[in-house]
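Peer 1: Structure provided below as structure tokens; questions to follow.
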Amino acid sequence: MIFGDLIPYLAPTVVLLLILASAIKILPEYERGVVFFLGRFQGVKGPGLIIVIPGIQQIVRVDLRVITLDVPSQDVISKDNVTVRVNAVLYFRVVDPERSIIRVEDYAAATSQLAQTTLRSVLGKHDLDEMLSERDKLNNDIQEIIDTQTEEWGIKVANVEIKHVDLNESMIRAIARQAEAERERRAKVIHAEGELQASKKLVEAAEVMSADPGAMQLRYLQTLADMSTGNASTIVFPLPMDMMKAFMDKQKPGLNKPKDSDPGES
């Protein structure tokens, strides 16, 4: 009889317990709840235990952790008319749960679309060489643009990194030829600078040896000694420098010119 008396109260009790269970919400430390009362914004609650009246209040959970967003590959035409495929990765987080829910329908999808268009727009203003060598500058430019536009949504962009810049095979070969030509140019410049420095040193050495004939003779003998150390079949006949000087003097103009005859001679 006692159990039969409790049956009429069993159903309301179960309904009350179900309503109470659905009203209790537990939010972890990294989440916040945007609460609406009859469709109007009431406040941001959490973390911890909160009570939401079913049917009257609604709650939308928002994750405050950093979200990693992979930007799909985009076809970009650079400033020097080179077509490349570029992809990137975007790191952002929600700093204002109210604005991220009220002012944009899906903040993750909106941020992804904005990142794609900004990536194409920014890279299209630069040459291919800048894309390959100045990635840090391009990353900062893209981050500033996206961060400025997503600030209205309560989003903070932490970082943007360009991952890959894919080129076609013909462009890769052209860049390889360009790099090879640049290396050859540097080699020729270095070789020319070496020749210039060597010529200056040779001129200085010649000036020092010309001041003392004995130094020239010693250098001549040292050259003969260096040649004799090799296993060569060349035979060298050393000649005195004075003898060579006599031959050189005869080749100078005006030395062998006959003297004018005396007008007094008959």
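The values are calculated or read from the model by the stated rules, or taken from the named source; none is laboratory data. The shown structure was predicted, so the numbers you read here are calculated from the model rather than taken from an experiment. Backbone-built Cβ (ideal geometry, glycine too); neighbour counts: all protein chains shown. Surface areas here come from the heavy atoms of the whole protein model, side chains and all, with no ligands, DNA or RNA. Shrake-Rupley method; radii C 1.70, N 1.55, O 1.52, S 1.80 Å.
Peer 1: With respect to residue 86, determine if the residue is of a type in the set (A, V, I, L, M), at pLDDT below 90 and open to solvent by less than 50 Å² (accessible area, probe 1.4 Å). Don't jump to the end; show me each part of the working.
Peer 2: Details: of a type in the set (A, V, I, L, M): yes; at pLDDT below 90: no; open to solvent by less than 50 Å² (accessible area, probe 1.4 Å): yes.
No: the conditions fail for residue 86.
Peer 1: Another one. Only one of (1) in contact (Cβ under 8 Å) with a residue 24 or more places away in the chain; (2) part of a loop (DSSP other than H, G, I, E, B); (3) within 29 Å of residue 122 (Cα to Cα) is not met by residue 92, so which one is it?
Peer 2: Against the list (1) in contact (Cβ under 8 Å) with a residue 24 or more places away in the chain; (2) part of a loop (DSSP other than H, G, I, E, B); (3) within 29 Å of residue 122 (Cα to Cα), residue 92 comes up short only on (2).
Peer 1: Kindly list the number of the only condition in (1) more than 17 Å from residue 69 (Cβ to Cβ); (2) assigned to a loop (DSSP other than H, G, I, E, B); (3) in contact with a helix residue (DSSP H, G or I) (Cβ under 8 Å, 6 or more places away or on another chain) that fails for residue 104.
Peer 2: Going through the list (1) more than 17 Å from residue 69 (Cβ to Cβ); (2) assigned to a loop (DSSP other than H, G, I, E, B); (3) in contact with a helix residue (DSSP H, G or I) (Cβ under 8 Å, 6 or more places away or on another chain), residue 104 breaks only (1).
Peer 1: Are there strands (runs of 3 or more DSSP E) fully within the range 8-69 with at least 2 residues that are within 24 Å of residue 106 (Cα to Cα) and in contact with a helix residue (DSSP H, G or I) (Cβ under 8 Å, 6 or more places away or on another chain)? List them.
Peer 2: Numbers: elements: 24-27, 31-37, 40-45, 48-51, 57-63.
Output list reads 31-37, 40-45, 57-63.
Peer 1: A follow-up question, please. Which residue pairs have Cβ atoms closer than 9 Å, lie 6 or more positions apart in sequence or on different chains, and pair a first residue in the range 42-59 that is closer than 19 Å to residue 16 by Cβ with a second residue that is among the polar types (S, T, N, Q)?
Peer 2: Final answer for the pair search is 51/57; 52/22; 52/58; 54/22; 57/42.
Peer 1: Residue check: is residue 70 closer than 30 Å to residue 84 by Cβ and of a type outside the set (S, T, N, Q)?
Peer 2: Details: closer than 30 Å to residue 84 by Cβ: yes; of a type outside the set (S, T, N, Q): yes.
It is true that residue 70 is closer than 30 Å to residue 84 by Cβ and of a type outside the set (S, T, N, Q).
Peer 1: Out of all the residues in the range 163-192, which are over 18 Å from the mean Cα position of the chain (by Cα) and of a type in the set (D, E, K, R)?
Peer 2: Answer for the range 163-192, where residues must be over 18 Å from the mean Cα position of the chain (by Cα) and of a type in the set (D, E, K, R): 169, 173, 177, 180, 182, 183, 184, 185, 186, 188.
Peer 1: Sort through 80, 70 and tell me the only one that's touching a Leu at 6+ places or on another chain (Cβ under 9 Å), loosely packed, with under 15 Cβ neighbours inside 10 Å and at pLDDT below 90.
Peer 2: Within the list 80, 70, the selection yields 80.
Peer 1: Looking only at the range 168-178, decide whether some residue is of a type outside the set (A, V, I, L, M), open to solvent by 80 Å² or more (accessible area, probe 1.4 Å) and at pLDDT 85 or above.
Peer 2: Checking the range 168-178: not a single residue is of a type outside the set (A, V, I, L, M), open to solvent by 80 Å² or more (accessible area, probe 1.4 Å) and at pLDDT 85 or above.
Peer 1: Does the range 149-165 contain at least one residue that is acidic (Asp, Glu), without any contact (Cβ under 8 Å) to a residue 12 or more places away in the chain and within 30 Å of residue 107 (Cβ to Cβ)? Reasoning before the result, please.
Peer 2: The first filter runs over the range 149-165 and keeps only residues acidic (Asp, Glu), leaving 151-152, 161.
Narrowing further to those that are without any contact (Cβ under 8 Å) to a residue 12 or more places away in the chain: 151.
Then keep just the ones that are within 30 Å of residue 107 (Cβ to Cβ); that gives 151.
Looking for residues that are acidic (Asp, Glu), without any contact (Cβ under 8 Å) to a residue 12 or more places away in the chain and within 30 Å of residue 107 (Cβ to Cβ), one finds at least one in the range 149-165, hence yes.
Peer 1: Further, regarding this structure: In this structure, does residue 103 turn out to be of a type in the set (Lys, Arg), open to solvent by 70 Å² or more (accessible area, probe 1.4 Å) and farther than 20 Å from residue 160 by Cβ?
Peer 2: Details: of a type in the set (Lys, Arg): yes; open to solvent by 70 Å² or more (accessible area, probe 1.4 Å): yes; farther than 20 Å from residue 160 by Cβ: yes.
Criteria met by residue 103.
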